[in-house]
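Just so it is clear, none of the values below were taken in a lab; they were calculated from the coordinates. On a predicted model such as this, the values are computed, not experimentally measured, just so you know. All Cβ positions, even for glycine, are placed from backbone atoms using ideal geometry, and neighbour counts span all protein chains on display.
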Amino acid sequence: MSVDACHGAEHLLQPYLDRALTEAEVARIEGHLRECDYCNERYIFERRLREVVRDCCCGDPVPAGFVDRLRLRCCGQDDVA
């Protein structure tokens, strides 16, 4: 697989897991995942990670301010808060 194809798949992976892609985008990433072992392994990892987080965390209340702190940390601004 070419680097460009993997780069494009990388940008579609999270929306694909969220089921937020158009039919054409779904066909594109599914085709790539069938052909590219590396990207398919990343997809499997991300899918399993979501399952583990959902199984471990769903149902428990989220502490006040947690989502905002998480967003800041993910954006590299964790020293701001």
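Per-structure values
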item	result
Computed [θ] at 222 nm, helices only, for the chain once each DSSP H run of length n ≥ 4 contributes -39500 (n - 2.57)	-23500 deg cm²/dmol
Two-site FRET efficiency, Val26 against Ala64, from Cβ-Cβ distance with R₀ of 35 Å, rounded to 0.05	0.40
GNM result for the chain, Cα springs below 10 Å: residue of Val67, Val52, Val26 fluctuating most strongly	Val67
Listed residue (Gly8, Ile44, Ala64) projecting farthest to the positive dipole end of the chain, Cβ model	Ala64
Label-point gap, in nm, between Arg48 and Arg34 - each point 7 angstrom along Cα→Cβ	2.4
Largest-first principal axis extents, alpha carbons of the chain, Å	43, 29, 23
Electrostatic dipole magnitude of the chain [Cβ: Lys, Arg +1; Asp, Glu -1; Cα centre; debye, to 20]	180
